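Participant: Below you will find the structure I want to go over with you.
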Ligand SMILES: Nc1ncnc2c1ncn2[C@@H]1O[C@H](COP(=O)(O)OP(=O)(O)OP(=O)(O)O)[C@@H](O)[C@H]1O
Ligand SMILES: [Mg+2]
C-alpha cells in the first residue's frame, strides 16, 4: 500500500517555557503524522501540551526544537505559506466585545486574501450551519457563551481551509450545538479537509476522530484509532448474568478470581454458579481477566463479539442458563486511566454524562459494591 | 500590494469600531479642550512673558493640538492589550496577512482619529477664542500631529505586546508621558525656563515639534524651527514606527 504523503509531519517538535519558577517542558519532542482527510484527536488532561502543540503547528509559537511541515510548507522557513493553508480555532476564544459578528467573520476571510463578495458569501453561508443566523449584526458581547464559541468556529472556517486546527472547539457548547458541530466536522472530512482537534471529552474523541494521539506531560503516550486504543488497553468485556433462583442450591460459595491480582479485589463473595461460569468461560475463550460481582461475571477478552457464541456454548455444556449476556467495549476513560494513571473524567465536570457505550471500567479499576451477607 | 490591502482592511475594521463607540475619542478630546477653555484665558493676561507680544492663543492652541497627539496615541496600546487578551490578535496572526499591516492598520486608524480630534479642537479655538492660524500652517500642523501619532501609537503598541497588561502599561506610560509633556513646552513655552531646564527639554523630540507647529501657526515658515521640528518629528515617527513593526513581527502573540 502506498499511502499519500502526510499533510502534517512533525519531528521531535518541542517547546520549553521559561517561567519565574523554572523551566516548563510543555511539549517534549513529539512526532506527528497526519494524512489528508483524517480527523485527528489530541486527547489529554489539563496541561498535557495540546494547546502548545497546536500553537506550534499554527505558527503562533516558535518551537524550541524540532521541525514540522504543513501542507508542504516548512513551519520555520515558510510560516506565511503554512498560514495560508490552515484554519485555527483557539481554545480561549477570538472575539472582542465590540466587534459585530458578520463583519468580523468577513474581515477574517479577507485577511486570508479572499475577495469581498466571496468573503461575504462564505460568511453568510456559514452562519446558519452554526446556528448563528439572526445574530449577524450583534456585537459579540451580546452573545451567549455558546453562541460566541460558535462565532470563534465560524472565524476559523470561513476561508474554507484544507487543514483545520480546533482547540477544544466544543467547550461551552450545549449537547445540541455540540452534535451540530460534530456533524459539520464530519461533512468537512467528506470534502477532504484534514482536522486536528484537541479535546478532553472522551465521547467527542470517540465519536468524531479517526485517530487519537493521547498526550500526557508533553509526550504522546498512545496513537491509534479509538477502537485500537480501547482494544489494546483492555479488550472487550463480556458480562454474564446468572439467574440466581434457578441456580439455587446447586453451587458452592466461590470467591471471585482475577488474573490481574493487583488490580481487582479478591475478597468478594459471589452467588452460587459464578465459579462454574468462570470455569466455562476460561475453557471457551482466551480470558484476560475476570471480575465477579454478585450474580454477574465480567470476563475481559480480546474480541467480545467473537467470544459470545463459544461462551454461550460452554455455559450450556455446564448446565448454566445465563439470564443476560452483554458485550461492551471499555470506554476511552479506561484507556486513558491505564495510560496516564489518571482519569479524564475528573476534569470533565458534568460533561461526560450519558455517553455512548459508557461502561465504567471493570477489571481495571472497578471496585464493585460487593456486600457481605 | 498585499500589505497595503491588508492595512486597509485592519484600518477600516478599527475605524468602524471606533465610530460605533466614539466615547473614547470624545474623552481623549476632553482634556485638551478643558485646558483650552479653562486654562487658556489665563494666558491672555500674562502679556509679553508668555507669547512675546503676539497673540497668546496662537501659541497655546498648537500646544493643545500636540497634547491630543501625545495622549491620544500614547494610550492606544490599552486597546491592544484588550485585543491580545480576547484572542483577536492571535486570530489575525494566524492569517497570512503581513505582520506590518496588522500594526499599521491600527496606527493609521489612530492617526485618523487624532487628526479629526485636532480639527475639532482648532475649530473650537477659532470659533470661541478668535484664533486666526495661518491656513497652510494649520494643514502642516495636522501633518505633524499625524506623525507624532504614528510615533507614539507604534511605541504604545510595542509596549502593549511586551507588557500584555493594563497595569504594566499604565505605570510605564505615566512615568513617560508626564515628563514628555512638561519638557515639551506644550503648556508654557520653554523660553520661560532656566537654562538647564531648556537644555533638558531639547532632548525631548516633542519640544521641537511644538516649536515648529507654533511657528507655522503664526505663518513663520522660513525658520530653522520649522525645518528642525519637521525633521525631528519625521525621524521620531520612523524610529518608533520601526520599533513597533519589529516588535509585532517578533512577538509571538
Ligand atoms: N506561556 C506559557 N508560559 C509558561 N508555561 C506555559 C505557557 N503556556 C503553557 N505552559 C505550560 O505548558 C504546559 C502545557 O500547556 P498546554 O496549554 O499546552 O496544555 P493543554 O494540554 O492545552 O491543557 P488544557 O487541557 O488545560 O487546555 C502546562 O504545564 C502549562 O502550564
Ligand atoms: Mg489547551
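Participant: Give the residue that is nearest to residue A:171 (Cα to Cα), with candidates limited to residues of the stretch A:58-80 that are more than 30 Å from the chain's Cα centre (by Cα) and within 12 Å of chain B (Cβ to nearest Cβ).
Facilitator: Our first condition is that a residue be more than 30 Å from the chain's Cα centre (by Cα); within the stretch A:58-80, this holds for A:77-78, A:80.
Within this subset, residues satisfying the condition of being within 12 Å of chain B (Cβ to nearest Cβ) are A:78, A:80.
Values: A:78: 32, A:80: 29 Å.
So the residue we want is A:80.
Participant: Continuing with this model, one more query. Which one of B:106, B:91 is crowded, with 24+ Cβ neighbours inside 10 Å, within 14 Å of another protein chain (Cβ to nearest Cβ) and within 16 Å of the chain's Cα centre (by Cα)?
Facilitator: Working: B:91 fails: within 16 Å of the chain's Cα centre (by Cα).
The match here is B:106.
Participant: What about residue A:81, is it more than 16 Å from ligand 2 (Cβ to nearest atom), under 30 Å from residue A:187 (Cα atoms) and surrounded by fewer than 16 Cβ atoms within 10 Å (Cβ to Cβ)? Write out each step before concluding.
Facilitator: Working: more than 16 Å from ligand 2 (Cβ to nearest atom): yes; under 30 Å from residue A:187 (Cα atoms): yes; surrounded by fewer than 16 Cβ atoms within 10 Å (Cβ to Cβ): no.
No, not satisfied.
Participant: Considering only residues that are touching a residue at least 24 places away in the same chain (Cβ under 8 Å) and not in a helix (DSSP H, G or I), which ones fall in the stretch B:201-231?
Facilitator: Result: B:204, B:218, B:219, B:221.
Participant: Would you check if residue A:99 is away from every other protein chain (no Cβ under 14 Å), surrounded by 16 or more Cβ atoms within 10 Å (Cβ to Cβ) and away from ligand 2 (no atom under 16 Å from the Cβ)? Steps first, answer last, please.
Facilitator: Values: away from every other protein chain (no Cβ under 14 Å): no; surrounded by 16 or more Cβ atoms within 10 Å (Cβ to Cβ): yes; away from ligand 2 (no atom under 16 Å from the Cβ): yes.
Criteria not met by residue A:99.
Participant: Is it the case, given these coordinates, that residue A:324 is modelled with pLDDT of 80 or more and at negative phi?
Facilitator: Numbers: modelled with pLDDT of 80 or more: yes; at negative phi: yes.
For residue A:324, the condition - modelled with pLDDT of 80 or more and at negative phi - is met.
Yes/no matrix, rows are residues, columns are (1) within 30 Å of residue A:101 (Cα to Cα); (2) buried (at least 17 other Cβ atoms within 10 Å of the Cβ):
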| residue | (1), (2) |
| --- | --- |
| B:11 | yes, yes |
| B:26 | yes, no |
| B:38 | no, no |
| B:45 | no, no |
| B:49 | no, no |
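Participant: Something else: Checking residue A:342 against (1) part of a loop (DSSP other than H, G, I, E, B); (2) within 29 Å of the chain's Cα centre (by Cα); (3) modelled with pLDDT under 65, which single condition isn't satisfied?
Facilitator: It is condition (3) that residue A:342 fails.
Participant: Residue B:130 versus (1) within 14 Å of chain A (Cβ to nearest Cβ); (2) on the phi > 0 side of the Ramachandran plot: which is the lone unmet condition?
Facilitator: (1)
Participant: Right, residue B:79: under 24 Å from the mean Cα position of the chain (by Cα) and at the interface with chain A (Cβ under 10 Å from one of its Cβ atoms) or not? Please lay out each step first, then the result.
Facilitator: Values: under 24 Å from the mean Cα position of the chain (by Cα): yes; at the interface with chain A (Cβ under 10 Å from one of its Cβ atoms): yes.
It is true that residue B:79 is under 24 Å from the mean Cα position of the chain (by Cα) and at the interface with chain A (Cβ under 10 Å from one of its Cβ atoms).
Participant: Is it true that some residue in the stretch B:134-152 is over 17 Å from the mean Cα position of the chain (by Cα), within 14 Å of chain A (Cβ to nearest Cβ) and assigned to a helix (DSSP H, G or I)?
Facilitator: No, every residue in the stretch B:134-152 fails to be over 17 Å from the mean Cα position of the chain (by Cα), within 14 Å of chain A (Cβ to nearest Cβ) and assigned to a helix (DSSP H, G or I).
Participant: Which one of A:108, A:91 is within 13 Å of another protein chain (Cβ to nearest Cβ), in contact (Cβ under 8 Å) with a residue 60 or more places away in the chain and surrounded by 14 or more Cβ atoms within 10 Å (Cβ to Cβ)? Give the steps one after another, and end with the answer.
Facilitator: Values: A:108 fails: in contact (Cβ under 8 Å) with a residue 60 or more places away in the chain.
Residue meeting the stated conditions: A:91.
Participant: Is it the case, given these coordinates, that residue A:34 is buried (at least 23 other Cβ atoms within 10 Å of the Cβ) and away from ligand 1 (no atom under 16 Å from the Cβ)? Show your work before the answer.
Facilitator: Working: buried (at least 23 other Cβ atoms within 10 Å of the Cβ): no; away from ligand 1 (no atom under 16 Å from the Cβ): yes.
So residue A:34 does not fit the description; no.
Participant: Same structure, new question: So in the stretch A:42-57, with the set limited to residues that are away from every other protein chain (no Cβ under 14 Å) and more than 11 Å from residue A:217 (Cβ to Cβ), which one is nearest to ligand 2 (Cβ to nearest atom)? Working first, answer last.
Facilitator: From the stretch A:42-57, those away from every other protein chain (no Cβ under 14 Å) are A:42-50, A:53; that's our starting set.
Add one more test, that the residue is more than 11 Å from residue A:217 (Cβ to Cβ), and what stays is A:42-43, A:46, A:50, A:53.
Details: A:42: 9, A:43: 12, A:46: 8, A:50: 5, A:53: 9 Å.
Once the filter is applied, the top-ranked residue is A:50.
The values are calculated or read from the model by the stated rules, or taken from the named source; none is laboratory data. Keep in mind the model is a prediction, meaning the values are calculated, not measured. Backbone-built Cβ (ideal geometry, glycine too); neighbour counts: all protein chains shown.
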